[in-house]
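Just below is one structure, and these are the notes that go with it.
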Amino acid sequence: MYVIAEKLHQIGSITLTHHEKRNALSRVLIGELMAAMERLRAEKVRALILTAGMETRVWSAGHDINELPEGEDPLAYSDPLEQLLRAVRHFPAPVIAMVHGSVWGGATDLVLSCDLVIGDDTCSFAITPVNLGLPYNTVGTLNFMRRLPLNVAKEMMFTARPITAEEAQRWSLLNHLVPEAELHAFTLNLARGIATKAPLAVEALKEQLRMLGDSAPLQPGIFERIQELRNNVYTSRDYREGIRAFKEKRKPEFRGE
């Protein structure tokens, strides 16, 4: 079991528990997480807290690198992580990420797909595709652009440097930065407050905000050019080198080929 799902009155919580693999977002973990979301959705929870608990230094290491394919689009529409991100955005109740520990790669995309983010002093966030030579997909890139100042998104993506909790608060990635000892109680109280409001109104507002945020269309030519750029990356020698270096636990040698 890689996740634990619970319901307390009208609030649901899902805790990532695969600490041996630093909660890497594997197909199995994502499958359990999405199944838990469906159960809580059927039980009509009015708020959902997504957490890794308080006992780990890593909230999630991101996409399971061992499951990334070589020579084809590693983040296609059907990829389990992409399905999970859509499920979080379409979940009818607000989803609150409660973050203790570091968040890496695709897990940062997961956190930013949540409606609200509460973190403590231990939290940090990194966007890491350049460490692997990985071509990030358009949906994820747009998500970062919408949630972060453009220059901040560029720095995070170009350098893969983790940003601290203080930086995350300054750039509005976090709704609230609270002391570690208060994180759980603060997040639970926020969820309880949401749960007292009219659920149909909250659900409608969440969907309106999602649709309006996604309403700017890409021109076909721009989309095709982006796909060409990404294809050049995921068929490159550098991408193969990045994946193999990670698996071999060594520093990659990128050649721009």
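The values are calculated or read from the model by the stated rules, or taken from the named source; none is laboratory data. As the structure is a prediction and not an experimental result, all values here were calculated from the model. Here the Cβ positions follow ideal geometry from the backbone for every residue, glycine too, while neighbour counts run over all protein chains shown.
Filtering segment 72-92 for residues that are over 24 Å from Ala245 (Cβ atoms), basic (Lys, Arg) and within 16 Å of the chain's Cα centre (by Cα) leaves a non-empty set. Only a single criterion out of (1) at positive phi; (2) in contact with a His (Cβ under 7 Å, 6 or more places away or on another chain) is not satisfied by Leu81, namely (1).
If we scan segment 224-241, do we find a residue that is in contact with a Phe, Trp or Tyr (Cβ under 7 Å, 6 or more places away or on another chain) and either polar (S, T, N, Q) or farther than 19 Å from Met145 by Cβ (or both)? Quick ask: steps written out before the conclusion?
If we filter segment 224-241 for residues that are in contact with a Phe, Trp or Tyr (Cβ under 7 Å, 6 or more places away or on another chain), which is where we start, we get 233, 238, 241.
Subsequent filtering for residues that are either polar (S, T, N, Q) or farther than 19 Å from Met145 by Cβ (or both) retains 238, 241.
Yes, the conditions are met somewhere in segment 224-241.
One residue alone among Ser102, Ser113 is within 19 Å of Asp214 (Cα to Cα) and at pLDDT 95 or above, and that residue is Ser113. Just one residue in the set Val117, Val178, Val139 is of a type in the set (A, V, I, L, M, F, W, C) and over 17 Å from the mean Cα position of the chain (by Cα); that residue is Val178. Listed by position, the helices (runs of 4 or more DSSP H) contained in segment 12-120 that have at least 1 residues being more than 22 Å from Leu174 (Cα to Cα), in contact with a Pro (Cβ under 6 Å, 6 or more places away or on another chain) and not aliphatic (A, V, I, L, M) are 27-42.
If you check Ile226, Ile222, which single one turns out to be touching a helix residue (DSSP H, G or I) at 6+ places or on another chain (Cβ under 9 Å) and not polar (S, T, N, Q)?
Being touching a helix residue (DSSP H, G or I) at 6+ places or on another chain (Cβ under 9 Å) and not polar (S, T, N, Q) holds for just one of Ile226, Ile222, which is Ile226.
Does segment 101-117 contain at least one residue that is more than 27 Å from Arg250 (Cα to Cα), in contact (Cβ under 8 Å) with a residue 12 or more places away in the chain, surrounded by fewer than 18 Cβ atoms within 10 Å (Cβ to Cβ) and aliphatic (A, V, I, L, M)? Checked segment 101-117: no residue is more than 27 Å from Arg250 (Cα to Cα), in contact (Cβ under 8 Å) with a residue 12 or more places away in the chain, surrounded by fewer than 18 Cβ atoms within 10 Å (Cβ to Cβ) and aliphatic (A, V, I, L, M). The requirement of being closer than 27 Å to Ile226 by Cβ, of a type in the set (A, V, I, L, M, F, W, C) and surrounded by 16 or more Cβ atoms within 10 Å (Cβ to Cβ) is not satisfied by Ala191. If you filter segment 51-65 down to residues that are out of contact with any Ser or Thr (no Cβ under 8 Å at 6 or more places or on another chain) and in contact (Cβ under 8 Å) with a residue 60 or more places away in the chain, you find that the one that is nearest to Ser13 (Cα to Cα) is Met54.
If you go through segment 118-145 and keep only what is in contact with a Ser or Thr (Cβ under 6 Å, 6 or more places away or on another chain) and buried (at least 24 other Cβ atoms within 10 Å of the Cβ), you end up with Ile118, Phe125, Ile127. In segment 38-53, the residue that is surrounded by the most Cβ atoms within 10 Å (Cβ to Cβ) out of those that are under 14 Å from Thr196 (Cα atoms) and among the basic types (Lys, Arg) is Arg46.
Listed conditions (1) surrounded by 13 or more Cβ atoms within 10 Å (Cβ to Cβ); (2) out of contact with any Lys or Arg (no Cβ under 8 Å at 6 or more places or on another chain); (3) modelled with pLDDT of 95 or more are all met by Ser236, apart from (3). Among the residues making up segment 132-167, those that are small (Gly, Ala, Ser) and either part of a helix (DSSP H, G or I) or touching a Lys or Arg at 6+ places or on another chain (Cβ under 6 Å) (or both) are Gly140, Ala153, Ala165.
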